[in-house]
Amino acid sequence: MSRDGLFQQGTNFWGSVYPTFYALEHLKRTKGRIVVVASMASWIPHPRMSIYNVRVNQAYLRLFSLIKLQ
C-alpha cells in the first residue's frame, strides 16, 4: 500500500476516534448517543477493496462496538 493510502486510512479512522473520545464525558453526563455511519463495504466483499475493508472500516466498526459494550 502506498504512503498516501495509509495516510488516507489513518485520516478516516482517527478523524472519527478523536472527536468521539473528547465527547464521551459529555455523552455520559447527558445520556447522549453515538451514531455510527459506515459503509457496507466491510460486509460485502468487493474487488480491490480488501485493504479498506480490513483496516479502516472493520477497525471503525469494532471500536464503536466496544464502546457500546462499555
Stretch gain in nm, segment A23-I44, where the contour uses 0.36 nm per residue and the Cα spacing is subtracted | 4.5 nm
Which whole-Hz ³J(HN,Hα) couplings does the range 61-70 yield from phi under the Karplus relation 6.51 cos²θ - 1.76 cosθ + 1.60, θ = phi - 60°, glycine and proline marked x?
-> 5, 5, 4, 6, 5, 5, 4, 4, 5, 7
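Since every read-out is calculated from the coordinates, none of them should be taken as a lab result. The structure presented is a predicted model; accordingly, all values stated were derived computationally and were not measured.
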